[in-house]
Amino acid sequence: MAIHEVGGWVDEVYTRSGAPVPRVTGATVVGRVTEQNSYRPIPGVAVELLGSAMRSVTGETGRYRIDDVPEGEYFVILGDEFLDSLGYVPPPIQVRVEGHYSFEIDVAVVPRDMVWSAVCPDPDQRDYSSGIVTGLVREAGTGMPVRRVRVGLAVGDSMAASVHEPAASIQTWQTVTNDAGYYRICGVPADVPLTATVSVEGRAPENTTVSVSAGGVIRLDFSFEPERR
């Protein structure tokens, strides 16, 4: 490695082959994402500096690294498919970076089983051998939520699955969308075909087939053409 100095300052650094070593143009934000209390690392979590395009994803040890961060104030936010689908958003962490320093931001999030218990309060629906189906029903084009409509799941003959007249020979689950158009069905059997049906008054029902893994969450959204007046 060679160093080129100008007036006592290091101007360039070169490798043995003569190639210049890239300059460090900003700070570095590093850290680890773990579960509270247990400190178990959580892999696959997206870590982003809000207000920028800079992001990273945690590895198997829960660690992440974002290089070349310009000086300024940022909010560190997390994105996790499981927690996001359940509506849990960890609070952002404010950080000010400056110079070429390294800033370590560790984040401890609420354990997944606690989030699961909060969104599925019925003890019979907290079995990790089952799953959760959740989603949003809205109008196509406008994106407006469609509230108070029935969403049904069925195991068995998909042609018999109806949110209005469920067949006695099949197992069904039903719920109603809230004011924001969201629904959630807990305790859904895993690894079997499920028929999801949404029926909005005055419009043809929509059906689709899904399957959820054990301890998993499926996000299933529906959209309907706005009602003609």
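Here are the numbers for this structure:
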item: Whether the stretch 47-121 is rounded, prolate or oblate, judged on the alpha carbon gyration tensor where a/c under 1.5 counts as rounded; result: prolate
item: Per-residue HN-Hα couplings for the stretch 77-83 [Karplus 6.51, -1.76, 1.60; θ = phi - 60°; Hz; x = Gly/Pro]; result: 10, 10, x, 10, 4, 5, 5
item: Ordering of 66-72, 208-214 by burial proxy (mean other Cβ atoms within 10 Å per residue, highest first); result: 66-72, 208-214
item: Contour excess over end-to-end distance, with Cα ends at GLU139 and LEU50 and 0.36 nm allotted per residue; result: 29.1 nm
item: The stretch 182-229 - Kirkwood radius from inverse mean 1/r over Cα pairs (Å); result: 12.5
item: Paramagnetic reach from GLU225 in the stretch 186-215 [backbone N under 20 Å; point 7 Å along Cα→Cβ]; result: 198-208
item: The stretch 120-224: C-alpha gyration tensor shape, a/c 1.5 cut-off, then a/b vs b/c; result: oblate
item: For GLY135, residues with placed amide H under 5 Å, excluding near neighbours; result: TYR183, LEU220
item: Paramagnetic label zone (point 7 Å from Cα along Cα-to-C-beta, ALA190; backbone N under 16 Å) in the stretch 107-121; result: 112-114, 116-117
item: Cα-projected label distance for HIS100 with VAL57, points at 7 Å along beta-carbon direction, nm; result: 3.0
item: Average projected area [Cα convex hull, the stretch 33-89], square nanometres; result: 4.5
item: Ranking of TYR88, TYR74 by count of other Cβ atoms within 10 Å, fewest first; result: TYR88, TYR74
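Values in this text are rule-based calculations from the coordinates and carry no lab data. This is a predicted model, so every value here is computed, not measured. Methodologically, a virtual Cβ is constructed for each residue, glycine included, from the backbone with ideal geometry; neighbour enumeration extends over all protein chains shown.
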